[in-house]
Amino acid sequence: MGFLGLLLGLLTGCATGPTANPQDPLEPYNRSMFAFNDAVDRTVLKPVATAYRDNVPSLIRQGVNNFFANLEDAWSVVNNLLQFKGAAAAESFMRFNVNTFFGLAGVLDVASEMGMEKHPEDFGQTLGHWGIGPGPYVVLPLLGPSSVRDTVALPVDYKGDLVTRVEDVPVRNSLAGLRIVDTRAKYLGLDKVMEQAALDKYSFTRDAYLQRRRSAVYDGNPPDTGLEE
């Protein structure tokens, strides 16, 4: 009860003030964690991602991106089924098999060239589909923007990630590291936009994340209710 009371007090205290965002009651903590993550990014991840972008041919980088996107399709099959989206599940299943067997384990995106649409879904979206709200926005150490709902979904998404099923530990860790670098490299251009616009990076990141996740839950067509899901 003592811990619960402390947590409720923290939430109440953080949510006060004329500029408080109701979706972000933990803003003081979140800003501190965002600053920590940003420092790690600037000193470690961004330089590595920049070197990756500048020294690895774009054709190879595209193949790496396709490979990890193909693995995501496998987990999308499960989550589409959990949401009773039969057609999307079937198409995701076909995409995964076509790219795996005819696209060199997904390095080539043959399925997209054949007109098969991608239907990305994770367990956080599945929870949202069944009416579970996002809860407060939260910034996780190293992992970055999230919500209570998406944080709860993380262990399930981890279990559904095919990279975690690789038994060879060095290979598994190498794949996980490569995916992180590849993902960060895709967003290098956004850094310049944010700097040139002199934006509050924290607010920009938070609002973009919440809008993107809400759109994802509703497959790009969120209801105009004024409420986040």
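The values are calculated or read from the model by the stated rules, or taken from the named source; none is laboratory data. In this text the structure is predicted, and so the values were computed from the model without any measurement. All Cβ positions, even for glycine, are placed from backbone atoms using ideal geometry, and neighbour counts span all protein chains on display.
Tally up the residues in segment 179-205 that are modelled with pLDDT under 95 and buried (at least 17 other Cβ atoms within 10 Å of the Cβ), please.
Restricting attention to segment 179-205, the residues satisfying the condition of being modelled with pLDDT under 95 are 186-205.
Of the ones still in play, those that are also buried (at least 17 other Cβ atoms within 10 Å of the Cβ) are 202, 205.
Total meeting the criteria: 2.
Please go through segment 112-149 and pick out each residue that is basic (K, R) and farther than 19 Å from P223 by Cβ.
Scanning segment 112-149 gives a single hit, K118.
Residues in segment 52-69: is at least one out of contact with any Asp or Glu (no Cβ under 9 Å at 6 or more places or on another chain) and in contact (Cβ under 8 Å) with a residue 60 or more places away in the chain?
yes
From the list R172, R165, R179, which residue is touching a residue at least 40 places away in the same chain (Cβ under 8 Å) and among the charged types (D, E, K, R)?
Answer to the check: R179.
May I ask you to list the residues in segment 30-62 that are surrounded by 14 or more Cβ atoms within 10 Å (Cβ to Cβ) and either among the aromatic types (F, W, Y) or in contact with a Cys (Cβ under 8 Å, 6 or more places away or on another chain) (or both)?
Scanning segment 30-62 gives F34, Y52.
Only one of P136, P120 is closer than 25 Å to V64 by Cα, touching a residue at least 12 places away in the same chain (Cβ under 8 Å) and touching a helix residue (DSSP H, G or I) at 6+ places or on another chain (Cβ under 6 Å). Can you tell me which?
On inspection, the qualifying residue turns out to be P120.
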